[in-house]
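The values are calculated or read from the model by the stated rules, or taken from the named source; none is laboratory data. Just so it is clear, the model here is predicted, and its values are computed rather than measured. Cβ placement follows ideal geometry from the backbone for every residue including glycine, while neighbour counts extend to all protein chains displayed. Ligands, DNA and RNA are excluded from the accessible area calculation, which covers all protein heavy atoms including side chains. Shrake-Rupley method; radii C 1.70, N 1.55, O 1.52, S 1.80 Å.
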Amino acid sequence: MLSPCASRAAALALALAALRIVAPLSTAPAQAQSASIARHRAARTANRVPSAAVRLATKPAPLTLRRHREVAVTFDDLPAPSDSVVCDDPAALQAMTARLLAALKRNRIPAIGFVNEDKLGRGDFEQRLGILKMWLDEGFALGNHTYSHADIDQMPLGAYEIDFLRGERVTEPLLRARKLRERYFRFPYLDVGASPGTKRAFQTFLARQRYSVAPVTIDNEEYMFAAVYAHAMADGDTSAADRVAASFVNYMNDIFAYFEKFSRETLGYEPRQVLLLHADQLDADEMGALAEIMRSRGYRFISLPDALRDPAYHRPDAYDDSIDGGVSWIEHWAQTMHKDVPGGPEPPEYVQRAYAGLEGSAVGLNAGIH
Ligand SMILES: [Zn+2]
């Protein structure tokens, strides 16, 4: 049987071909191909010509008009999403992590990564442990994302709490060894419990474990772009990858505009935001462009603890997943106050189709994972 990655690549070739983006079946020897990919990636980010929309959006507003905004940048599914191309390739995983952390440092972004410890067992444990140590050694924080990316709405609460506890067995000693005191938990799928009772019970459990919840306000479907991008790169189709990367940056600009407006309509102001991303190739390659978008929108990069000092995160939150599933905390507050929830930006059709092509093909490609 083709490895999940290979069948995904074949499916992508089919999906992209259907989209008239002919993906040349890669014949070039892998090394030569990855070297040319690396060269292409460096050239693309160096010579990136932002699209008209991005140029317009990132045309810095005069200082007087530019809003003073703040955002904490967070990454889920460490060491890497289970459906990502690098997930089972130690060298690619290492290289992707090094590129991502270097881009975060270059842009002075004090990020935090949320770990699924079951992935440490997928391959060489020491090598994967090394990936987590890279995050900490570079000065970034780590948090708990449950052991197996569990969904609180799909299992008994007791089993979920066990998965939480299993999810800190490796990370906890790493944090303690570095005298890092804060403990943060990110709900997989942003699912917080499908009833007020379950939600409250787990919050009580978390408090007993001395963990704080890591909410998300700037939610998005970056994972779709990331999967399509990674397969195009794995297939050596740099023109498809470029197209997806440019669409991703445009989309994220629209996502920020959407949640800024939604925040003002819901809270009367824009709180310190919390952005959700994943540790993946697309984010590693486009972190510079993304940081540029955020800076041009007036954002200063802050840590998660600083973001959570905003009074918004201490507001009443009567939301549970029976209302609308796993969503942004801005929707939590809007639903709690019975306010409107406007529709948000969608990934372009061609990305959705290519992603569906991947989903349809691959065993184990977890739809809508975040
Ligand atoms: Zn996740």
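Taking residues in region 109-137 that are in contact (Cβ under 8 Å) with a residue 40 or more places away in the chain and small (Gly, Ala, Ser), and partners anywhere that are part of a loop (DSSP other than H, G, I, E, B) and within 16 Å of the ligand (Cβ to nearest atom), the pairs with Cβ atoms closer than 9 Å and at least 6 places apart or on different chains are 113/79; 113/145; 113/279.
Of the set (1) more than 20 Å from the chain's Cα centre (by Cα); (2) closer than 25 Å to residue 142 by Cα; (3) among the hydrophobic types (A, V, I, L, M, F, W, C), all apply to residue 318 but (2). Scanning region 248-281 for residues that are without any contact (Cβ under 8 Å) to a residue 24 or more places away in the chain and either assigned to a loop (DSSP other than H, G, I, E, B) or touching a strand residue (DSSP E or B) at 6+ places or on another chain (Cβ under 7 Å) (or both) yields 268, 269.
For region 270-309, the candidate set comprises residues that are buried (at least 20 other Cβ atoms within 10 Å of the Cβ) and among the small types (Gly, Ala, Ser); within that set, the residue that is farthest from residue 141 (Cα to Cα) is 289. The residue of region 308-332 that is modelled with the lowest pLDDT, among those that are in contact with an Asp or Glu (Cβ under 7 Å, 6 or more places away or on another chain) and assigned to a helix (DSSP H, G or I), is 324.
Hey, among the residues in region 78-120 that are within 13 Å of the ligand (Cβ to nearest atom) and assigned to a loop (DSSP other than H, G, I, E, B), which one's surrounded by the fewest Cβ atoms within 10 Å (Cβ to Cβ)? Selected residue: 82. Each residue in region 234-263 was checked for being open to solvent by less than 10 Å² (accessible area, probe 1.4 Å), among the charged types (D, E, K, R) and out of contact with any Lys or Arg (no Cβ under 8 Å at 6 or more places or on another chain), and 1 of them qualify.
Okay, residues lined up against (1) in contact with a helix residue (DSSP H, G or I) (Cβ under 8 Å, 6 or more places away or on another chain); (2) at pLDDT below 95; (3) not aliphatic (A, V, I, L, M):
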| position | (1), (2), (3) |
| --- | --- |
| 33 | no, yes, yes |
| 55 | no, yes, yes |
| 78 | yes, no, no |
| 85 | yes, yes, no |
| 90 | yes, yes, yes |
| 124 | yes, yes, yes |
| 130 | yes, no, yes |
| 134 | yes, no, no |
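Do we find that residue 267 is aliphatic (A, V, I, L, M) and open to solvent by 20 Å² or more (accessible area, probe 1.4 Å) in this structure? Show your work before the answer.
Working: aliphatic (A, V, I, L, M): yes; open to solvent by 20 Å² or more (accessible area, probe 1.4 Å): yes.
Judged against the criteria, residue 267 is a match.
Select from region 192-205 the residues that are surrounded by 19 or more Cβ atoms within 10 Å (Cβ to Cβ) and free of Cβ contacts under 8 Å to residues at least 60 places away in the same chain and list them in ascending order. The one that is surrounded by 19 or more Cβ atoms within 10 Å (Cβ to Cβ) and free of Cβ contacts under 8 Å to residues at least 60 places away in the same chain: 202. Cβ-Cβ distances below 7 Å connect the following pairs, each with a first residue in region 293-310 that is closer than 30 Å to residue 246 by Cβ, a second residue that is assigned to a loop (DSSP other than H, G, I, E, B) and among the β-branched types (Val, Ile, Thr), and a separation of six or more residues or different chains: 301/109. Residues in region 136-191 that are under 19 Å from residue 320 (Cβ atoms), among the hydroxyl-bearing types (Ser, Thr, Tyr) and open to solvent by less than 50 Å² (accessible area, probe 1.4 Å): 146, 160.
Evaluate region 127-140: report whether one residue or more is assigned to a helix (DSSP H, G or I), more than 19 Å from residue 275 (Cβ to Cβ), of a type in the set (S, T, N, Q) and within 16 Å of the ligand (Cβ to nearest atom). No, that holds for no residue.
Each residue in region 180-202 was checked for being of a type in the set (D, E, K, R), part of a loop (DSSP other than H, G, I, E, B) and away from the ligand (no atom under 16 Å from the Cβ), and 3 pass.
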